[in-house]
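Laboratory data are not the source of any read-out in this text; all were calculated from the coordinates shown. Bear in mind that the values here come from a model prediction, so they are computed numbers and not experimental data. Quick reminder, even Gly has a Cβ in these numbers, built from the backbone with ideal geometry, and neighbours come from all protein chains shown.
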Amino acid sequence: PALIKQVRLQGVLVGSRSQQQDMVRAINASGMRPVIDRHFPLSEIVEAFKYQETNQHFGKIVLDI
């Protein structure tokens, strides 16, 4: 059914839980912050997905809740 509906699942592999926790600690210690491209209020979730589909964003698309 997923192939028929052309469903796509995206994710990030981070290893084990302890490896993920180590990664989060390292990111927090480094002061690294994500690049935010654009914010959308939750009421504009459809527009946010449409914007993502354009592939014109550089950085994260954020839904404000």
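Taking label positions 7 Å along the Cα-Cβ direction at both residue 37 and residue 19, the computed distance is 2.8 nm, reported to one decimal. Placing pseudo-labels 7 Å out from each Cα toward the beta carbon at residue 26 and residue 47 gives an inter-label distance of 3.9 nm. Near residue 60, once Lys and Arg are set to +1 and Asp and Glu to -1 for all other residues with Cβ below 13 Å from its Cβ, the sum equals 0.
Helical content of the chain, expressed as a calculated mean residue ellipticity at 222 nm, amounts to -11000 deg cm²/dmol (DSSP H runs of 4 or more residues, -39,500 (n - 2.57) each, divided by residue number, nearest 500). Residues whose amide H falls under 5 Å from that of residue 40, counting only those 5 or more places apart or on a different chain, are 62, 63, 64, with hydrogens built in the peptide plane. Using equal-weight Cα scatterers in the Debye expression, the normalised intensity of the chain in log10 at q = 0.25, 0.29 Å⁻¹ is -1.04, -1.12. Look at 32, 23 and count the other Cβ atoms within 10 Å of each Cβ; fewest to most, that gives 32, 23.
Each residue in 42, 13 was given a count of other beta-carbon atoms within 10 angstrom of its own, and listing them fewest first yields 13, 42.
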